[in-house]
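The values are calculated or read from the model by the stated rules, or taken from the named source; none is laboratory data. Source: prediction; values computed, not measured. Here Cβ is always computed from backbone atoms with ideal geometry, including for glycine, and neighbour counts include all displayed protein chains. Just the protein is used for accessible areas: all its heavy atoms, side chains included, with ligands, DNA and RNA removed. Shrake-Rupley method; radii C 1.70, N 1.55, O 1.52, S 1.80 Å.
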Amino acid sequence: WMYRLIVESLLGLRRKGDTLRIAPCIPADWPSYAMDYRYGNTTYRISVVQSASGSGDGKVLLDGIVQIEHAIALVDDGCEHAVEVQVALAR
């Protein structure tokens with residue numbers, strides 16, 4: 001349960017079916033973190049960056065394309081995908 005608490009609450013990863021929602025709640029002194037997420041034969045390279053200049057809820061990009069509602073559709077295509085999550089600095 002502790003692993004799930006960290007992954008879901010702190011890192012903000014929640015998978016429901018073939019959708020991965022990313023809404024991190026990280027301390028202000030963490031400027032960024034990165035992780036790899038595997039879905040079948042596909043690797044999603046996720047980087048989360050906190051910025052003081054961020055506004056609102058931030059945004060999620062999948063292969064450079066802005067995603068709606070901080071979520072990405074997972075596809076097992078055997079490729080590697082880049083996910084960038086931009087969040088406003090925690091206060």
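Structural remarks
- Kirkwood Rh in Å, taken over the chain so that all alpha-carbon pairs contribute: 13.4 Å
- Summarising the strand pairing of the chain, around 70 percent of its internal DSSP beta bridges are antiparallel.
- Using a probe of 1.4 Å on the protein chains alone, the accessible area found for D36 is around 90 Å².
- Under the Karplus curve 6.51 cos²θ - 1.76 cosθ + 1.60, θ = phi - 60°, whole-Hz ³J(HN,Hα) for region 35-42, x wherever Gly or Pro sits: 7, 10, 10, 9, 10, x, 9, 10
- Exposure of I68 as accessible area (Å², to 10), given a probe of 1.4 Å and all protein chains: 140 Å²
- Accessible surface computed residue by residue for the chain, with neighbouring protein chains in place and a 1.4 Å probe, gives 65 Å² per residue.
- Relative to the Cα centre, the charge distribution of the chain, modelled as +1 at Lys and Arg Cβ and -1 at Asp and Glu Cβ, gives a dipole magnitude of about 320 debye.
- Close amide H partners of A71, meaning residues 5 or more places away or on another chain with modelled amide H under 5 Å apart, are I22.
- Near the amide H of Y39, within less than 5 Å, lie the amide hydrogens of Y44, all on another chain or at least 5 residues away, with H placed in the peptide plane.
- Solvent-accessible area, 1.4 Å probe, carbon plus sulfur percent, for the chain: 55 percent
- Per-residue SASA remark: R38, around 150 Å² accessible (1.4 Å probe; ligands, DNA and RNA not included).
- Proximal charge balance of S47 [Cβ under 15 Å; K/R count +1, D/E count -1]: -2
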